[in-house]
Structures are given as C-alpha cells and as structure tokens.
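Read through the structure below, which is laid out as structure tokens, and then see the notes.
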Amino acid sequence: MDFMELLNFYIVPGLVLGSIYALGAVGITLVFAILRYAHLAHGDIATLGAFIAFAAVTLLGLPVYAALPVAMVVTAFAAVGIDRLFYDYLRERPRIVTVMASLGVALMVRSVVQVIWGVDAESYIRGIARPENWWGIRLKDREIVTILSMIGLVLALQLFLMKTKWGKAMRAMSDNPNLALLSGVDNGKVVFLTWLIVGGLCAASGFFLGLNTELKSMMGWQMLLPMFAAAILGGVGRIEGAVLGGLIVGVAEEVSVIFLPSEYKAATAFAILLLMLLVRPTGLLRGKVL
Amino acid sequence: MEWIGLLNYAVFMAIFICIYGLLALGLNIQWGFSGLFNAGIAGFFAVGAYTSAILTTPEADGRIGGFDMPVPVGWAGAMLLAAAIAWPIGKICLRFRSDYLAIASIGVAEIIRLVIKSEDWLTNSARGVTNIPRPFGDLPYAQSQLAYLALVGGVLFVAYLLVERQIAAPWGRMMRAIRDNELAARAMGKDVPFRRLEAFVFGAALMGLGGALFAHLNRAITPEAIDPMVATFLVWIMLILGGSGNNRGAILGVAVVWVIWSFSEILTDQFPPEIAIKAKYIRIFLIGLMLQLVLRFRPEGILPEPQRGVSGKKDS
Amino acid sequence: MSPLLDMREVRGGYGDADILQGVSLNVAPGEIVAIVGPNGAGKSTAMKAIFGLLHVRGGKITIDGEDITGKKPNLIVQAGVCYVPQVDNIFREMTVHENLEMGAFLRSGDLTSAYDRVYGLFPDLQERRKTLAGNLSGGQRQMVAMGRALMLDPKVLLLDEPTAGLSPRYMEQIFQICRDVRDVGVALLLVEQHAKQALAFSDRGYVLASGANRHEGTGAELLADREVAEMFLGG
C-alpha cells in the first residue's frame, strides 16, 4: 500500500470520523468538567439531533445544511429540558446517581426516536456523492464541510469560553466550583449554558455522522464509547484535548481495519480508553481525573 | 385446560424471576453495597451463557468444543470466566470514580457482543450454540419446568444466603464503610481499590451464573437472545425499585418489574403489528421513565436498606 | 469605636451537632484580629459561620449593624464580607487577571480602580497578569487569593489559615501583605494555626477552645498570659 492510498482510504475518512467524534467529545468533556459526571445519554441526544435535522429536511423542505442550525437550536433546548426534568433534582445526591439517570435518559431518547422515525436507515440526500481530487487527495464536499464546521464550532466555543463573562464563569466552575460559588457565580445559569452548548454540539455531531454515513436509531449509542475515549485521551476538561482525542480515535479506528477484522473497529476506542486509564488518566493534555 | 396454561406461564415467569434475581443480587453486591456502577450486566450474562454452553454441549462441527462436561462444571466455568473478565476491567477502573467503570463496562459489553457475533470458531456466530443439555430436560414439559424452577430457585436461595452472610460479616461492614465514606475508610488503612475489585468480580460471577442458567433453560443461545441495553437496564430498574442495598428488596424488585414487563408485552402483542412494533419502544421508554420516577420519589426503593449499626447512613 | 463585624453567642454546626457552643467576637475598622486555638477548637468553623457556610442555630452576626445571620454567601458578599478559604482558594487554570475578574463577578461597571488597587498592593501580580495562577509560587497564590477577594471592595476580609503549609519566609510575607491590606482600609479577621506569630502581629486576638471563647485581648496581652502560653507556646 502506498502513502496516497493510506491517506485516501484510512487517514482522510479517519479525520472525518474524528471530527464527528470531536464534536461529541467536546460536549462530554464539558459535562464531565463542569457538571462532574459521565453523561451516558450523550450519544442518543446526538441521534435525536440528527433526526431533528432529518425532520427539518423532509417536513420543512429545508436544504440539508440549513437543517443543521435548526437541529442545533432545537436539540440545545431539548438538552436543557432533559436536565431540568431528569438531572437537576439529583444535584444534591452523589453524582453517580445522575450517571444512572443518564443511562435511563439514553434509553428514553432512543425509544422516542424509534417511535417517531422507526428503526430503518435514512439519509439526508439520496444518491452517491463523488469525491473531488485535491492534489491527489480525494475529498467529498460534505467531508470538507464536516471538518471545517468542526473547526469553526470549536473555535467559536473557545472564543466564548476565553472572552466572555459567562464563558469565564463556566471555566471557573470547571476549575474550582466552590470558589466560583463563593465568587457569586449562579450555578443554575452555568448549568443552563452548559446544556445549551452541549446539546448543540451533540446535534452537530449526529448531523455530520448522518451526513457522511446514514441515520439510524443506534448511531449515537455506538458513538458513545469513541467519544468518551476521545475526551479521556485528550484530558477531561480540555476542549482542544477533546478535539485532538477525537481525531486520534477516528483515525485509529479507520487504520485498525488494516490489522483487525472490521467488526472490531469499535474495540479500538475501547483499547485506547483502557490504555489511557492505565498509563495516563489525566490524558494527553493534563485534564482532570474525577 | 385454561388454568394449566396459566400455571405453566406462572412457572415460566418464576424461572425468569429467579434468573434475573441472580443478576440483581450480583448488581446489589456491586452497586448496593459497594457503589460500583456496572452498565455491562448483559456482557457478563452472555459470557456465562456461552461458557457453560460450550463446556457442556456435545462435540460440534465448526466451533470449539463442545466438551460434553457435566452441567455443574459448566456453571462453575461460567462464573469463573465472567469473574476473569471483570478482574482486569475492575483493576484498571476502580482506582477512579465509578463514572469510569460505567463507561468501561459499556465497552466490555460491546466487545463481548462483537466477539459473540463475529467469532465463528468460538460461538458459531449467528447460528448460536444449540443442544445445550437441560437438567431434567427428559421429563414431560410441565414437570420439567417445575423441576427447573426448583433448581434455579435453589441456586438463587443459596446465592441469597451466601450474599447475606457476607454482607453481615466484617467484609460487608467494611464495604459499606468504603461506600459511605471512602476517605475515612482509606484513612483507616483499608485497601479500597482491592475491596471494590472483590465486590466487582464477585458480582460479575453471579451474573455469569445467571447467564448459564438462562442458556440451559433455553437449550440454545444465540447473539439475538438478549438485547444488551434492555437487559442491563431492566436489572438496574429492578434493583433500584426493589431497594438497593437490600437483597430481599432486590429480588422483590425483580418480581415486580418482570411481571410488569411481561404483562405489558402480552398486552402490546394484542395490537395490530404496525402499532405493536412501536409499542415495544414505548415500553422501553416507560421503563426509562420508571427509573427517573423512582430516583425522584422513592430513591430508597420499596424495601430500603436496613440500618445496620451506626454506619448505615446513606448518601454523602 | 463601634465594631464593624459583630458575632454574638453564635452556636451551630454542619450536621445536627453544634460545633460552636457560643462564640462571640468582633472586629473594628482598620483592625487585624486573629482567632487561635488548639485543633478542633472551632476556629475555621467560626469563620464559616460568619460567611453563611453552616447552620447557625443561635446568636447573631451583624456587619455594620446589618444582620447577616444565616444569609447566603452571595448576600454576605454584598454586605461587605469576603472570604478566602484555606485551600483551593484560586482558579488554577485561569490567569492571574482572570482570577481577579472572577473576584469581581458580581460587580458591574468600571473595574479599573479595583484592579489598580490590587495590583498596587501586589506588584508581583501585575508582572504575572497573564500567568496561570496554578503556576505561581505559594506566596503569590495567596496574593491571588486575597486579591480576588479584595476585588469586591469588602469592609472585612476573612482569611482561613493563610499561612498553612507555607515556609517561615513566606509566612512573614503573608503577614506583611495583611498589614498592607489593612493599610488600604480593610479590616482582617484571620484564623491561624501559628498562634505565636499570629498574635504577635495582630492587633487583637481570640483564643477559642471546644467551640467557645476562652481568652481575648490584644496580641501582646495574650502572649503574656500564662494560661495561653501553656496552651500553645510551651507545649
């Protein structure tokens, strides 16, 4: 196998998949760092977002890319609603109880998707997209959009976290919750903002997975493990770490096909997760360990 | 006659309640007494089912074994292998908060599912393992079911007694101390990760045994026999509803949830097929909702954990 | 002079048991007051009671005549009391300047004078505005912690063991910072483990034992007291 082949068949698809994971992993890392629990419904909320975009395309007749912002906004508020209904009142209990509640929410969200949209595979656009040749690298338009959107969304998020008052409050809450509260930060508002952002990112991640593959009711659940692996690989609480982790996990999954039967793609993420917990639980970029 | 049919159905349900009872006891050791979050119950269940199946079936073409061993050997093997898989996972994850174990256990269950689905030589993949010997399988249907119920009921009872004894022993006191105040327990020199590992491995072994009992009941096991998420989640809601930290509560929760689950299935099967398919997902939605309601309104479950001495305080 | 902070016969604790069995103390404007006492005397607990971090079941706490007994920390901050916890008192992953910004979270409008005052007090911090607070030395971190609390322009600053874990050299530095803070018109109440040094540099002191007042007086008086001396200084 020559280098271009490796690039075109493994690295490029890996980076596309990795961008999708990165969007989810950023959300996971935010919840992990600010709210301090592992959110197991993350993947299924991504599925919900993907199908909301699907509804926007099929019912409202929106162009595919116009459905993305719609899905992000709707899913963001859905995530806030889920928090209000199912997580918020558990705040005073040990955090692991919320992890359990999120497992229940995962099932609930998935069954809502299955009831409304069924279990058959769907897609946003019919027909086969042809890749274009960029100096020997073959890329489809939607792959370029996926990678660029991921970069754009993450930069916007970073800008928000670094430059705005409430972005800083979110970082403060992640850094030292007690001191943030002593400083007068309203925890409720931070939680609200976090879910708004996380819900939007979930929708984006689900949308791009649906765009590059197809929409299925289990698609998000199957992303959960790679997304967590990415967040932990990058270092919990590190946005740039989650992106790096997502890209590494995506590429590793695609490259693993060279050595392993393709059924075991999902095992790659699991191996990365265990390896990191074993040798460097703080992740590549020194994140938190709960 | 109608009532014989009903009776048969009741026995069938009771067998399942005993099998799920083992899973709930296993989870109670992990979660109820030790605070460990295992989201991969179905994985350990499947390992137990396949292990016992492969050990006890007669020689078969195209896959490893079978080894035609006695059924008790199969059960022991099921427990051992489930424990052996739990051990390294626990070893890696139990140094951290239980969130990491939750994620890793989802991963384990997923890998186990993949192996079962794709490793022809081991599990015969989609065709599954058949010809699993069933204890008392030669008796006529009703007697055979009753005998099997007596068997699984006996196993559950023994497991219950053993777990109860262990929980009342100093080991159980120590586990609760660790769960309720990890820092204090560490300060007293307890090897917290190792104790948790014991609980995790022990619980996983019981789940493996549950899987073995299931495989021998059905005489066959296929990858489709269990929906991993639904099975795992059912056990969770059983334990939480019944009362985590209380073994009798756990078994009561199994009975309540299993009865509701089975009757709702009978109910939805009456619907026309179009709606029946949707109804299946609505049922899953409702058990998810049930968990939320229990967590909100009765977090201690139907039978709360008994207050054992001064260390019985829950929730930090 | 009428007291700025007045705490009378306060009883309370975290759970059901009362740790404080009736503690009274006060701080006048421009004073540095130290609370000392053996381990478990309730020193830090008394401070947390002022800041609304525990159940106060009896007694009264006022600031400038305003009753703050049992109020939430954010209201107490607005009444003019800021609190520097003993540990985890900075945002490690944020820059020095951002730490100060978080300190002023509840304030709106122009903060230039507040920054100027803090940077004027701690020129070291001015130089390291863009450094992550977690990368600073122990003494500098304490400056960040105090600077953060000063951003709200408090009348009284509560310091919980500001010198814990610091070397003697830093201890002197912290005490000097405290004097500087007092000199810009902020009264200080601090809990100290290092009783002798703390009493030597404070204007007044309270000795607590078993959750109640045992002795009070000026730093010099307490240092000269035989019973107090036996409690800490001899043993």
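The values are calculated or read from the model by the stated rules, or taken from the named source; none is laboratory data. Quick caveat, the model's predicted, so the values are computed rather than measured. We place every Cβ from the backbone using ideal geometry, glycine too, and count neighbours over all the protein chains shown.
The C-beta contact set for the range A:118-138 (first residue of a type in the set (S, T, N, Q), second residue surrounded by 13 or more Cβ atoms within 10 Å (Cβ to Cβ) and assigned to a loop (DSSP other than H, G, I, E, B), distance under 9 angstrom, 6+ apart or interchain) comprises A:SER123/A:THR213; A:SER123/A:GLU214. Going through A:GLY118, A:GLY104 one at a time, which residue ends up being within 14 Å of chain B (Cβ to nearest Cβ), within 22 Å of A:ILE45 (Cβ to Cβ) and loosely packed, with under 15 Cβ neighbours inside 10 Å? Within the list A:GLY118, A:GLY104, the selection yields A:GLY118.
How many residues are in contact (Cβ under 8 Å) with a residue 12 or more places away in the chain, more than 7 Å from chain B (Cβ to nearest Cβ) and of a type outside the set (Gly, Ala, Ser) when one looks only at the range A:76-99? Selection size over the range A:76-99: 8.
Residues that are in contact with a Ser or Thr (Cβ under 8 Å, 6 or more places away or on another chain) and at the interface with another protein chain (Cβ under 10 Å from one of its Cβ atoms), at least 1 per element: which helices (runs of 4 or more DSSP H) completely within the range A:199-290 meet that? Can you show your working first?
Working: elements: A:219-234, A:239-259, A:265-279.
In the range A:199-290, A:219-234, A:265-279 are the helices (runs of 4 or more DSSP H) which contain 1 or more residues that are in contact with a Ser or Thr (Cβ under 8 Å, 6 or more places away or on another chain) and at the interface with another protein chain (Cβ under 10 Å from one of its Cβ atoms).
Which residues, taken from the range A:1-26, are at pLDDT 95 or above and either polar (S, T, N, Q) or closer than 22 Å to B:PHE37 by Cα (or both)? Matches in the range A:1-26: A:SER19, A:ALA25. The requirement of being in a helix (DSSP H, G or I), outside the structural domain of A:ALA252 (by TED's automatic domain parsing), surrounded by fewer than 22 Cβ atoms within 10 Å (Cβ to Cβ) and in contact (Cβ under 8 Å) with a residue 24 or more places away in the chain is satisfied by A:TYR10. Of all residues in the range C:85-106, those being of a type outside the set (A, V, I, L, M), facing chain A (nearest Cβ under 10 Å) and under 21 Å from the mean Cα position of the chain (by Cα) number 9.
Is there a residue being within 14 Å of chain A (Cβ to nearest Cβ) and among the basic types (Lys, Arg) anywhere in the range B:77-91? Looking for residues that are within 14 Å of chain A (Cβ to nearest Cβ) and among the basic types (Lys, Arg), one finds at least one in the range B:77-91, hence yes.
Tell me the helices (runs of 4 or more DSSP H) entirely within the range B:109-210 that contain at least 1 residues that are under 24 Å from the mean Cα position of the chain (by Cα), within 23 Å of B:VAL235 (Cβ to Cβ) and at pLDDT 85 or above.
Numbers: elements: B:120-123, B:141-168, B:170-180, B:182-187.
It comes to B:120-123, B:141-168, B:170-180.
Is the range B:97-119 home to any residue that is of a type in the set (Phe, Trp, Tyr), buried (at least 21 other Cβ atoms within 10 Å of the Cβ) and at negative phi? For the range B:97-119, residues of a type in the set (Phe, Trp, Tyr), buried (at least 21 other Cβ atoms within 10 Å of the Cβ) and at negative phi: present.
When you go through B:SER264, B:SER244 one by one, which is the residue that is in a loop (DSSP other than H, G, I, E, B), touching a helix residue (DSSP H, G or I) at 6+ places or on another chain (Cβ under 8 Å), surrounded by 16 or more Cβ atoms within 10 Å (Cβ to Cβ) and among the polar types (S, T, N, Q)? Reasoning before the result, please.
On the way: B:SER264 fails: in a loop (DSSP other than H, G, I, E, B).
It is B:SER244.
With respect to the stated conditions, B:PHE67 is more than 30 Å from B:TRP31 (Cβ to Cβ), of a type in the set (Phe, Trp, Tyr) and touching a Leu at 6+ places or on another chain (Cβ under 8 Å). Scanning the range C:56-69 for residues that are buried (at least 16 other Cβ atoms within 10 Å of the Cβ) and within 14 Å of C:LEU20 (Cβ to Cβ) yields a count of 4. Output yes when any residue across the range C:36-52 is at pLDDT 85 or above, surrounded by 22 or more Cβ atoms within 10 Å (Cβ to Cβ), in a strand (DSSP E or B) and in contact with a helix residue (DSSP H, G or I) (Cβ under 7 Å, 6 or more places away or on another chain), and no when none is. So far as the range C:36-52 goes, yes, one or more of its residues are at pLDDT 85 or above, surrounded by 22 or more Cβ atoms within 10 Å (Cβ to Cβ), in a strand (DSSP E or B) and in contact with a helix residue (DSSP H, G or I) (Cβ under 7 Å, 6 or more places away or on another chain).
Could you check how many residues of the range B:129-151 are in contact with a helix residue (DSSP H, G or I) (Cβ under 7 Å, 6 or more places away or on another chain) and either at the interface with chain A (Cβ under 9 Å from one of its Cβ atoms) or touching a residue at least 60 places away in the same chain (Cβ under 8 Å) (or both)? Residues in the range B:129-151 being in contact with a helix residue (DSSP H, G or I) (Cβ under 7 Å, 6 or more places away or on another chain) and either at the interface with chain A (Cβ under 9 Å from one of its Cβ atoms) or touching a residue at least 60 places away in the same chain (Cβ under 8 Å) (or both): 11 in total.
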